[in-house]
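Data first, discussion second: the structure below is written as structure tokens.
The values are calculated or read from the model by the stated rules, or taken from the named source; none is laboratory data. Treat the numbers as computed from the prediction; the structure is a model and nothing was measured. Here Cβ is always computed from backbone atoms with ideal geometry, including for glycine, and neighbour counts include all displayed protein chains.
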Amino acid sequence: MNTSVYVGNAKIKISKVGMQTKVGEIANKLQQIPNERTSFEEEVASFSKKIFWVTGFITVVIFLGNLFKYDLYTSLLTAVSLAVAAIPEGLPAVVVLSLAIGAKTMFKNNALIRRLNVVESIGAVDVVCSDKTGTITKNEMTVVRLFVNNKVYNTEIQDKDRKDEDEFYSLLECGAICNNTKVSGHPEGDRKYIGEQTEIGIIRVAEAFGIYNEKINEQYAKINEIPFSSERKMMSVVVHEKLEKNANKKMFSKGAPEVLIEKCNRILENGKVRKMELNDKKVILSQNENFAVSAYRVLGFAYKEIDDNDKQTEKDLIWIGLEAMVDPPHTEIVDTLKNCQTAGIRVIMITGDNPITAKAIADTIGLKSEGVLEGKDIEKMTVRDVQNSLDENINIFARTTPMHKLKILKVLEKNNRVAMTGDGVNDSLAIKQANVGIAMGQRGTSVAKESSDIVLLDDNFSTIIKAIKEGRRIFDNIRKFMNYLLVSNIAEVFVLFLSVFLFTLDKPILIPVQILWINLLTDGMPALALGVDPARKDIMKDKPRHKNEAIINKRLAWLIGLMGAKKTIVLLITFLLVLPQGEDLARTTLFTGFILYEFVRIASIRSQEKLNWTSNPWLLIALLVSLLLQLVIVYSPLNVFFHAVPLGLGQWFILLSGVCIGYFTALLITKLVSDYFEKKEAN
């Protein structure tokens with residue numbers, strides 16, 4: 001089930017199928033992990049319930065209050081109209097629009113969104129767990145150093161004297177034989193390589209010194225292969241020489257030096273095989289460490305001859321030497337990590353590489369860590385021990401398996417929103433479990449991609465940070481929409497509520513059709529336009545919002561409440577100033593004031609976020625169209641359907657005065673609320 005050979009060769013014996021296979025076991029566990037709603041979905045659902053009950057209560061109160069003044073029909077219609085206006089029915093449209101545009105933007109930045117609701121969730125991430133190879137580095141392996149016969153060779157310098165050194169070419173030959181890279185093209189022309197990048201790098205250096213894949217295939221025939229795995233950390237092939245009928249079979253092996261060297265009891269030196277001494281191991285491992293400190297990825301190579309009595313086990317091997325490869329970091333990774341630090345995002349490297357290599361790469365790119373934890377240590381640690389290590393700012397985990405990754409993830413998720421990257425079948429559980437699961441698009445397996453929320457089309461770490469920025473922009477815009485709309489709704493509700501008890505009018509202060517028209521214009525185009533607002537310049541300087549922080553936090557709640565009260569007062573004063581000139585004229589002035597004062601709220605929001613009007617032309621167009629439609633309603637024959645009358649210069653003077661007073665008052669309220677909460681947070 002779901003078995004394919006993408007590296008190496010295999011003869012497959014089927015013993016189990018379906019859910020009984022290893023992939024089936026993983027699939028079964030994946031099914032057991034529920035598709036939980038994101039925190040954003042839960043917040044929106046909770047908010048909607050609160051709005052429903054509050055609106056229901058106020059609607060009933062206004063209905064009962066109006067019954068004492070007006071007939072049943074007018075009272076009921078006014079109450080229902082208010083209920084429709086008070087509920088922010090534009091919220092679903094704005095949320096979907098924002099998420100869809102965000103997903104499109106992320107796709108342009110090489111992040112393919114598989115679940116739309118995760119577009120916002122990625123913006124709340126405060127920990128990113130990333131693989132090293134291919135994500136932080138380019139996954140372009142180039143062999144730059146060889147260590148053989150106690151000598152270090154620079155492969156970038158062609159040295160003719162090396163032709164006399166058998167060990168030098170034995171090392172390159174071993175790398176070319178223990179390799180599954182497919183090579184095409186003429187040796188002296190353009191060559192194409194298909195395979196894993198590490199093996200391609202090994203083939204390239206062998207061919208640079210004349211050991212071509214075609215010659216290897218002419219000389220040797222592969223009999224068996226013991227493939228590489230993240231648990232074994234080595235690979236072996238068994239071959240026999242085609243040209244010599246009675247020649248013994250040979251096993252060629254490569255792998256992590258500290259693993260492979262324990263399989264060796266002999267060493268090739270000066271063309272002869274001798275017993276490996278303890279000092280030999282010390283010298284080899286010391287050189288391995290020196291290479292690793294230079295941020296090289298290091299592999300060891302060994303071989304042995306196999307007679308008929310040998311069961312082709314990986315032991316009693318003959319050590320040949322080391323190959324050190326460089327995998328340069330992505331050019332933008334240093335700046336990206338600085339941006340992460342500024343944005344309060346913790347980056348954790350989880351890799352299968354040597355801990356010294358991992359630390360050297362981390363030092364090169366500026367990833368700070370108070371040490372390195374290896375997979376073998378994690379296996380012995382309790383959950384509390386892992387938490388303590390993370391609290392001590394350990395951000396590098398080396399020689400890890402997917403199960404180690406899952407253990408780290410579960411600890412982090414207790415107090416953080418975590419994005420987890422992975423590419424293998426075994427990574428799928430961690431990807432599925434993460435708040436935001438991210439699969440590699442170029443080297444990821446289909447199972448990993450199916451388990452993920454986001455697929456990185458370029459396998460690049462900086463793409464994750466671009467997605468986080470876009471997620472923050474979307475959340476900001478949704479919060480802006482809530483801020484803008486609820487202030488308007490609060491003003492509508494309280495103007496109607498207070499008018500029931502403060503005024504004695506022939507008709508309600510706002511006619512039902514006017515309430516619905518206000519709702520249409522405010523919940524319509526301007527609200528949708530807010531969903532496409534650009535990101536603030538300093539958006540990546542903000543710390544990630546707390547895991548339990550609601551969409552409407554205390555600061556925003558105070559701001560909405562005070563702005564709603566301010567708008568209610570300004571509107572009621574506007575109505576009272578015009579009321580002596582006639583109830584219909586005062587009602588039309590109030591009706592127009594609700595539309596006009598939306599400019600005030602949006603202007604104060606943009607001033608707060610330091611956004612100019614030209615940054616979002618759709619918003620400017622939406623506001624102008626709304627104003628134009630309102631003028632058409634007031635000054636055209638349509639005004640009879642809306643119980644409106646034309647306004648004169650005096651009424652416009654009062655309205656524009658209210659706009660100016662409302663704007664400067666809004667700026668003052670915003671500053672006072674911001675200063676209060678900044679001082680509170682500082683303390």
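General remarks:
- Tally of residues being part of a loop (DSSP other than H, G, I, E, B) and under 18 Å from L521 (Cα atoms) across segment 69-98: 3
- Test: residue in segment 609-623 that is loosely packed, with under 12 Cβ neighbours inside 10 Å, among the hydrophobic types (A, V, I, L, M, F, W, C) and without any contact (Cβ under 8 Å) to a residue 40 or more places away in the chain: no
- From the options S229, S236, residue that is in the same structural domain as V298 (by TED's automatic domain parsing), among the hydroxyl-bearing types (S, T, Y) and crowded, with 17+ Cβ neighbours inside 10 Å: S236
- Search result, residues across segment 179-232 that are touching a Phe, Trp or Tyr at 6+ places or on another chain (Cβ under 6 Å) and within 19 Å of V144 (Cβ to Cβ): T181, I200
- Annotation: of all residues in segment 588-608 being among the small types (G, A, S) and closer than 16 Å to N477 by Cα, the one that is surrounded by the most Cβ atoms within 10 Å (Cβ to Cβ) is S604.
- Residue ID - nearest to the chain's Cα centre (by Cα), chosen from residues in segment 250-267 that are of a type outside the set (A, V, I, L, M) and under 14 Å from C178 (Cβ atoms): G255
- Output for segment 244-289, where each listed residue is part of a helix (DSSP H, G or I) and buried (at least 19 other Cβ atoms within 10 Å of the Cβ): P257, L260, I261, K263, I284, Q287, N288
- Residue match in segment 663-675 (condition: within 19 Å of D523 (Cβ to Cβ) and of a type in the set (A, V, I, L, M, F, W, C)): no
- Of the criteria (1) buried (at least 23 other Cβ atoms within 10 Å of the Cβ); (2) at pLDDT below 90; (3) in the same structural domain as I284 (by TED's automatic domain parsing), which one L317 fails: (2)
Results for (1) assigned by TED's automatic domain parsing to the domain that holds Q514; (2) loosely packed, with under 14 Cβ neighbours inside 10 Å; (3) at pLDDT below 90; (4) farther than 30 Å from F641 by Cα, shown as yes or no for each residue.
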| position | (1), (2), (3), (4) |
| --- | --- |
| E549 | yes, yes, yes, yes |
| K554 | yes, yes, yes, yes |
| L562 | yes, no, no, yes |
| L571 | yes, no, no, no |
| T574 | yes, no, no, no |
| L577 | yes, no, no, no |
| L585 | yes, no, no, no |
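- Residue in segment 501-508 that is basic (K, R) and not assigned by TED's automatic domain parsing to the domain that holds L556 present: no
- Of all the numbered requirements in (1) surrounded by 20 or more Cβ atoms within 10 Å (Cβ to Cβ); (2) of a type in the set (S, T, N, Q); (3) more than 19 Å from A362 (Cβ to Cβ), N150 misses one, and that requirement is (1).
- In segment 68-105, the residues that are under 19 Å from P534 (Cα atoms) and touching a residue at least 40 places away in the same chain (Cβ under 8 Å): L91, A93, V94, V95, L97, S98, L99, I101, G102, T105
- Close pairs (6 angstrom Cβ cut-off, 6 or more residues apart or separate chains): more than 30 Å from I621 (Cβ to Cβ) in segment 523-550, acidic (D, E) anywhere: P544/D126; A550/E43
Residue-by-condition table, conditions (1) in contact with a Pro (Cβ under 8 Å, 6 or more places away or on another chain); (2) over 28 Å from E374 (Cα atoms); (3) modelled with pLDDT of 90 or more; (4) β-branched (V, I, T):
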site: K215; (1), (2), (3), (4): no, yes, no, no
site: S229; (1), (2), (3), (4): no, no, no, no
site: S236; (1), (2), (3), (4): no, no, yes, no
site: V239; (1), (2), (3), (4): no, yes, yes, yes
site: K242; (1), (2), (3), (4): no, yes, no, no
site: K245; (1), (2), (3), (4): no, yes, no, no
site: N248; (1), (2), (3), (4): no, yes, no, no
site: M251; (1), (2), (3), (4): no, yes, yes, no
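- Of the residues making up segment 221-247, just one is of a type in the set (K, R) and within 18 Å of K311 (Cα to Cα), namely K222.
- Taking first residues from segment 317-342 that are assigned to a loop (DSSP other than H, G, I, E, B) and partners that are among the small types (G, A, S), the Cβ contacts under 8 Å between residues at least 6 apart in sequence or on separate chains come to H330/S462; E332/S462.
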